Amino acid sequence: MLYQCEGVAQIVIDSLTKRFGSTVAVDDLSFAVEPGTVVGFLGPNGAGKTTTLRALLGLVRPDSGTATIDGRSYAQLPDPLETVGAVLERSAFHPGRSGRNHLRVLATAAGLPGSRADELLTLVGLADARDKRVGGYSLGMRQRLALATALLGDPQVLVLDEPANGLDPLGIRWLRDFLRARAAEGRSVLVSSHVLAEVEQTVDTVVMVARGRLVAESSLEELRTRASAGAGAVKLRSPQAPRLAQLLGERGARVVQDGGDTMLLAGTTSEMVGDLAASHRIPVYELTTEGQGLEEIFLSLTADQAAP
Amino acid sequence: MTRLIAAEILKLRTTRTFYGFLATIVGLTLLVVILTLAFLDPDDVRDEDVGSLLTSGSLTGILILVLGVIGMSGEHRHNTISSTLLAAPDRLRVIGAKAVAYALAGMVLAAAAFLITAAIVYPTLAVLDVDAGPSAGRLAELFFGGLLYAAISGALGVGIGAVVPNQVAALLGAVIVIFVVDPLLITLAPDVGRYTVSSSGFSLADGDEGGGDADSLSPVAGGLVYLGWALAFLGAGWALLARREIV
């Protein structure tokens, strides 16, 4: 299925299939990244995310289908680094070269001014470590350097493969703000992760894959609505829990777990429980929604496909 | 292409490897020259002896070849091939630029070795009151032959590294071919042996037109064969890289 979208800096994956021997890494995958949006490319390890991104970047050859940026394959882009910036899962640095020189080398190859290296090292917070050899960088510093590399040509499209890997919570927060700022500048961002929580606060849309196949594509808002609608249970703690459960049962709710004063109820909402308790003057000490979160939706969508 | 070559030269300049090789080549050259001069009999020095001293470049060429192997296979070892190909997706241009850069680096290293040797040899001979040495024409022949040998060695190393991306295997293979296979062929089957990588390269480096070992090729023929080896490896390396999945 070919997606038709208007605008510039658009990524289109169209019926992409890639096999490694007898293993189908990517299986007839199609999706698009609209300009100016941040798309989370999600799936468990081995789902085909990295292969898809590497096919997009011209590093692996698809068996069939296409992966294009503004209608062109990566190899056809006249100034690739000025069109697409990429962070790859495996670090691609010479350990004996400084961060600054790493950027200068690539800037020279792309015909960009060497001064970009210093600008970007400042942007990603590595100005103080610019002359230190990359072999001495921490994982977080390497990820920052990788992001600086991706921004070298000031591209409209960013393709990031598991950029949060190995980052501490502070680093993940920094990454989140960083990506949102880039999206606010009008760039398209395609960011892969195997952990939804890592990108949940960053992305507009999610594309979920498992075993190389598309299992879901929706806006984060739709996913949240779905999560809310699919609220599994309401946890209730009340000295009159059995009576309240009986009243709720008359309205279609059922008890999932009965712990005396504490119960887990399905088929209802916290609003309904609260209203009913108030109208019958039943005290409630605790009322929480044990809803199906985004992570649970993600896992349920990918679990069947991911099972060996 | 020019900016890719400039980027490759910058890569060379920004790690310690190149300077390590420069130090090794200069150190070994000094060692060979000083030891030779120390045991020199001032009364029995011929022009060609001085020439031989100035062309201790065979070892330099081998080291430059090894530098080229490390440079190309290192792209795979450190996975920098990914970022290299993202900046320049045309893989033929990537191999070509690297070959040119290492050829230029080889020439710089060979020139350094030659000039250092000359700077020691000629004053020493003057002190020893030895009036021997190659003519200016022969000297130029030795110098430029050495530079050409070094340039092709650098490019050949890149080609070998492209064919065998595993750095250890590439280095081990190159050393076995140069120090075991080629010498065996030269000894056991000279008609074949003179066309080997090392023999053809040494023929070019020695630059001994017509006066050398009867089993050796002339410098021009040796140079052409050596260049053929480099082009064959570069071509095969490009064909393999063009097909290789960078995963």
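All of the numbers you see were taken from the coordinates with simple rules; none came from a lab. This one's a predicted model, so the numbers in the text were calculated from it and none came from an experiment. Ideal geometry is used to build each Cβ from the backbone, glycine not excepted, and the neighbour counts take in all protein chains shown.
Values for this structure:
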quantity	calculated
Longest exposed-site-free window of chain A, the sites being trypsin sites (Lys or Arg not before Pro) in a DSSP loop that have at most 15 other C-beta atoms within 10 Å	A:133-250
Net charge, A:V87 excluded, C-beta distance under 9 Å - Lys, Arg +1, Asp, Glu -1	-3
Candidate lysines for bridging to A:K132, where Cα separation is under 27 Å - those fewer than 8 sequence places away on the same chain excluded	B:K11, B:K98
Residue-by-residue Karplus 3J(HN,Hα) for segment B:232-238, coefficients 6.51, -1.76, 1.60, Hz, glycine and proline x	5, 5, 5, x, 5, x, 5
Cα-based shape type of the protein assembly as shown, given that a ≥ b ≥ c are square roots of the gyration tensor eigenvalues and the cut on a/c is 1.5	prolate
Acute angle (nearest 10 degrees) that the helix A:139-150 long axis makes with the longest principal axis of chain A, alpha-carbon atoms	60 degrees
Net charge contributed by nearby residues that have their C-beta within less than 9 Å of A:L103 (K/R +1, D/E -1)	+3
Chain B, relative contact order in percent, only Cα pairs under 8 angstrom and at least six apart counted	26 percent
Helix B:167-176 axis, angle to chain B major axis (alpha carbon atoms, nearest 10°)	30 degrees
Residue exposure sequence - B:F233, B:F143 - by fewest surrounding Cβ within 10 Å	B:F143, B:F233
Per-pair calculated FRET efficiency, R0 = 56 Å: B:F179 and A:E34 via Cβ, rounded to 0.05	0.40
Contour excess over end-to-end distance, with Cα ends at A:R19 and A:A127 and 0.36 nm allotted per residue	34.7 nm
Charge sum, other residues only, whose C-beta stays under 12 Å from A:G186's C-beta, Lys/Arg counted +1 and Asp/Glu -1	-1
Normalised contact order of segment A:232-290, rounded percent, pairs of Cα under 8 Å and 6 or more residues apart	49 percent
P(r) weight above 21 Å for segment B:1-85, C-alpha pairs, percent	48 percent
Sites excluded, GluC sites (Glu not before Pro) in DSSP loops with at most 12 other C-beta within 10 Å, longest stretch of chain A	A:7-184
Ranking of A:H194, B:H76, A:H102 by count of other Cβ atoms within 10 Å, fewest first	A:H194, B:H76, A:H102
Spatially proximal lysines relative to A:K49 (Cα-Cα < 26 Å; intrachain offsets below 8 disregarded)	A:K18
Helix-derived mean residue ellipticity, 222 nm - over the protein assembly as shown, DSSP H n ≥ 4, -39500 (n - 2.57), to 500	-17000 deg cm²/dmol
Length-normalised contact order of chain A in % [C-alpha pairs under 8 Å, at least 6 apart]	20 percent
Leading residue at positive end of dipole, the protein assembly as shown (Cβ point charges), from A:T83, B:A155, A:V33	A:V33
Using alpha carbons only: equivalent-ellipsoid semi-axes of segment A:11-219, gyration tensor based, whole Å	27, 19, 16
Cα gyration tensor shape of segment A:232-290, rounded if a/c is under 1.5, else prolate or oblate by comparing a/b with b/c	rounded
Rounded to 5, percent antiparallel among DSSP beta bridges of the protein assembly as shown	65 percent
For segment B:100-106, 3J(HN,Hα) per residue [Karplus equation, 6.51 cos²θ - 1.76 cosθ + 1.60, θ = phi - 60°, Hz, x = Gly/Pro]	5, 4, 6, 5, 5, 4, x
Estimated FRET transfer efficiency when R0 is 41 angstrom, pair B:D47-B:A112 (beta carbons, to 0.05)	0.95
Amide N proximity, segment A:125-163 versus A:R180 label position 7 Å along Cα-to-Cβ, cut-off under 12 Å	none
On Cα atoms only, tilt of B:197-206 relative to the major axis of chain B in degrees	40 degrees
10 Å Cβ shell holding at most 14 others, DSSP loop, GluC sites (Glu not before Pro): longest site-free stretch of chain B	B:1-208
Label point distance in nm, A:R281-A:A266, each placed 7 Å from Cα along Cα→Cβ	3.5 nm
